[in-house]
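Scroll down for the structure; my scribbles are underneath it.
The values are calculated or read from the model by the stated rules, or taken from the named source; none is laboratory data. What you see is a predicted model, and the numbers here were worked out from it, not measured in a lab. Cβ placement follows ideal geometry from the backbone for every residue including glycine, while neighbour counts extend to all protein chains displayed.
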Amino acid sequence: MDDEAGTRNWRRDARCRHEDPDTLFVQGAQQRDVREVCRACPVRTECLAHALDNRIKFGVWGGMTERERRALLKRRPDVVSWSALLEAARRAALRPAEPEPRPAEGPTRRVG
């Protein structure tokens with residue numbers, strides 16, 4: 001289902017949608033286990049973009065801990081929309097690579 005902005009409601013497809021929220025907002029080494037839930041999630045990118053765009057401070061979102069997100073935001077203060085940036089990156093990654101240009105074939109001249 002789309003929201004009023006016309007974007008897909010990614011939460012309904014999230015792998016963690018049936019998890020107890022208390023298990024998703026943990027600290028320290030327990031965050032590794034939560035990140036495993038994110039690893040194969042079909043909406044990982046949307047989830048991460050949501051957390052970055054909304055400056056969510058707690059929990060694991062899109063496979064990144066709060067510390068990792070904070071560091072990323074600090075490194076890239078120029079990003080206005082993480083949703084747009086991550087979607088563009090995903091599209092570029094999915095686009096088939098253009099074939100290498102082949103040398104022009106012309107008449108060959110035998111020397112000898």
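For the range 38-57, state whether one or more residues are closer than 18 Å to R11 by Cα, at pLDDT 90 or above, acidic (D, E) and buried (at least 17 other Cβ atoms within 10 Å of the Cβ). Yes, that holds for at least one residue. Of all the numbered requirements in (1) in a loop (DSSP other than H, G, I, E, B); (2) of a type in the set (D, E, K, R); (3) in contact with a Phe, Trp or Tyr (Cβ under 9 Å, 6 or more places away or on another chain), D78 misses one, and that requirement is (3).
Determine, yes or no, whether R15 is among the basic types (K, R), touching a Cys at 6+ places or on another chain (Cβ under 9 Å), at negative phi and at pLDDT 90 or above. Against the criterion (among the basic types (K, R), touching a Cys at 6+ places or on another chain (Cβ under 9 Å), at negative phi and at pLDDT 90 or above), R15 qualifies.
Residues checked against (1) modelled with pLDDT under 90; (2) surrounded by fewer than 11 Cβ atoms within 10 Å (Cβ to Cβ); (3) closer than 15 Å to A49 by Cα:
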residue	(1), (2), (3)
R69	no, no, yes
V79	no, no, yes
E87	yes, no, yes
A97	yes, yes, no
E105	yes, yes, no
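Taking the criterion of being of a type in the set (K, R), in a loop (DSSP other than H, G, I, E, B) and under 14 Å from W82 (Cα atoms), would at least one residue in the range 53-63 satisfy it? Yes, there is a match, as at least one residue in the range 53-63 is of a type in the set (K, R), in a loop (DSSP other than H, G, I, E, B) and under 14 Å from W82 (Cα atoms).
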